[in-house]
Amino acid sequence: MATKLKSKKKIDQKRERGGAEPKYYEVFARKDSHSDLSHVGSVEAPNDELAQVRAWYIYDQHKWREMCVVPLESIITVTEEGKSAKIKMG
Amino acid sequence: MATAIKDIQEDPRERALQEKVATGYQLEDVEEMTERYKNVLVNTIHIAADLEVVTLPTYSPAIKTSPTLEDKIAIAAACQDELGHAQMMYRILEDFGYDTHSFLFERDPEEWRTFQMLEFPHEDYIESVVSMCYGDRAGYITTVDLEENCSYAPFARSLRKVNYEETFHVSHGERWTRFFWNQSEESRRRVQETVDFYFPLCTAWFGMPDNRKTRTDQLSYRIRGASNDEMRQKWLSRVVPFSESVGIKVPAHYDEEQGKYVLDYEPPIYLDEEKREWDYDRQITWEEQLKVWKKGSKHKVPSIARVISEEWGKDLW
């Protein structure tokens, strides 16, 4: 039997996502100026600003020297020709 | 049923993938998977994500009752870590067609896959630190095994951060468990009482004994590397020496003859949920135990309902 919930948070999914389809960003960061900029993970966000915020809060395992996000759709694959880039969680 | 399993075992694609991952091959893409591989992988990540989230209602009561601001921050920070872990798992699950919003907010709480160890809301800060010391240690052993062995590389990689953060929870737990053991008579009594409750819960975290287990896909597809008993042994080899060094009594010891840690009781045993007391002399059957696990404690549904309906608000502090 389904459990009755007292109240349910109402979320406008379309607004949250900025569209009907989720939009993904890949997250890159470097620990200090001697380290490589590495892929650390991936977030879903409706726009660039929220992608920045989500990346910073989720991938907080280090005090990163530098962090950036790249929209997944901007990544052009070389070895995976013809496919969209694969998500490579860090 | 038996014939169905036999058929799949004889499916050359399934067999080929099992042999491939047995050599250490890691998959990077969903397209490389067989249906059966995908099912066992997704099931594993699904449960892992649920287990991360249920820590929130479990830990939150202790945020209110913990003695100092630092303690409150420590618990809140651990909760934030756990939700961050869930976020990464959701991100992976989306590649398999999961919708995070409906998965988190629209699922019936009874459908959540939780383990008994994480279902009892902490009554005080001592319970939180004991739970970090013994419970997060158990969780850590399973997630380290996944990081080291999981044949789906994106999941294995995502667990680096998870395990990095879990070590903080475990060392925080050990440090404060030791502190409260030495602080006063009363706090020592409370530590022992909490360990008495958590120890069997944590040994059960690793599931059925190997000789009772019927589903072995996690191992044959190398989603995990170690069996239930191997991981349980690893956990015992950490927590028993720790407890002995502090002076905490635990129902397990190292058996010289067998060369391994053994429990001083025969699981599964009866738990009085109301009193939070185990009856070490009252054995139940594995069928009864599975029923208890499946149903969940009385806290399970209200806790998850609370997460879903976001009733934290001003009550949080």
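What residue, among those in the stretch B:136-152 that are under 24 Å from B:Tyr25 (Cβ atoms) and of a type in the set (D, E, K, R), is surrounded by the fewest Cβ atoms within 10 Å (Cβ to Cβ)?
Restricting to residues being under 24 Å from B:Tyr25 (Cβ atoms) and of a type in the set (D, E, K, R), the top hit is B:Glu148.
In the stretch B:266-300, how many residues are buried (at least 17 other Cβ atoms within 10 Å of the Cβ) and of a type in the set (Ser, Thr, Tyr)?
Going through the stretch B:266-300 one residue at a time, the tally reaches 1.
What do you reckon, is B:Gly259 closer than 30 Å to B:Trp181 by Cα, away from chain A (no Cβ under 14 Å), in contact with a helix residue (DSSP H, G or I) (Cβ under 7 Å, 6 or more places away or on another chain) and small (Gly, Ala, Ser)?
No: the conditions fail for B:Gly259.
In the stretch B:155-167, is there at least one residue being in contact (Cβ under 8 Å) with a residue 60 or more places away in the chain, among the small types (Gly, Ala, Ser) and in contact with a strand residue (DSSP E or B) (Cβ under 8 Å, 6 or more places away or on another chain)?
Within the stretch B:155-167, one or more residues are in contact (Cβ under 8 Å) with a residue 60 or more places away in the chain, among the small types (Gly, Ala, Ser) and in contact with a strand residue (DSSP E or B) (Cβ under 8 Å, 6 or more places away or on another chain).
Residue by residue through the stretch B:128-154, note down the ones that are assigned to a helix (DSSP H, G or I), out of contact with any Asp or Glu (no Cβ under 9 Å at 6 or more places or on another chain) and within 14 Å of another protein chain (Cβ to nearest Cβ).
Residues satisfying the conditions are B:Leu146, B:Glu147.
Specify the residue that is surrounded by the most Cβ atoms within 10 Å (Cβ to Cβ); the eligible residues are those in the stretch B:172-213 that are polar (S, T, N, Q) and modelled with pLDDT of 95 or more.
In this case the residue turns out to be B:Thr194.
Would you tally the residues in the stretch B:105-143 being aliphatic (A, V, I, L, M) and without any contact (Cβ under 8 Å) to a residue 60 or more places away in the chain? Let's see the steps before the verdict.
Initially, the stretch B:105-143 is screened for residues aliphatic (A, V, I, L, M), giving B:117-118, B:126, B:129-130, B:132, B:138, B:141.
From what is left, the residues that are without any contact (Cβ under 8 Å) to a residue 60 or more places away in the chain are B:129, B:132.
Here the count works out to 2.
When you scan the stretch B:1-104 for helices (runs of 4 or more DSSP H) that lie fully inside it, which ones turn up with 3 or more residues that are touching a residue at least 24 places away in the same chain (Cβ under 8 Å), in contact with an Asp or Glu (Cβ under 9 Å, 6 or more places away or on another chain) and away from chain A (no Cβ under 14 Å)?
B:35-53, B:55-65
Being touching a Pro at 6+ places or on another chain (Cβ under 9 Å), of a type in the set (Ser, Thr, Tyr) and away from chain B (no Cβ under 11 Å) is the filter here; which residues of the stretch A:13-35 pass it?
Correct list: empty.
Considering only the stretch A:36-64, how many residues are part of a helix (DSSP H, G or I) and either at the interface with another protein chain (Cβ under 8 Å from one of its Cβ atoms) or of a type outside the set (A, V, I, L, M) (or both)?
Within the stretch A:36-64, the subset part of a helix (DSSP H, G or I) is A:48-58.
Still in the running and either at the interface with another protein chain (Cβ under 8 Å from one of its Cβ atoms) or of a type outside the set (A, V, I, L, M) (or both): A:48-49, A:52, A:54, A:56-58.
Qualifying residue count for the region: 7.
Go over the candidates B:Ser245, B:Ser227 one by one and state the one that is under 30 Å from B:Thr68 (Cβ atoms), surrounded by fewer than 19 Cβ atoms within 10 Å (Cβ to Cβ) and small (Gly, Ala, Ser).
The unique qualifying residue is B:Ser245.
So, in the stretch B:64-80, exactly how many residues are under 21 Å from A:Ile58 (Cβ atoms) and crowded, with 21+ Cβ neighbours inside 10 Å?
So the answer is 3.
The values are calculated or read from the model by the stated rules, or taken from the named source; none is laboratory data. Since the structure is predicted, the reported quantities are computational estimates derived from the model, not experimental observations. When we count neighbours, we look across all protein chains shown, and the Cβ atoms used for this are built from the backbone with ideal geometry, even at glycine.
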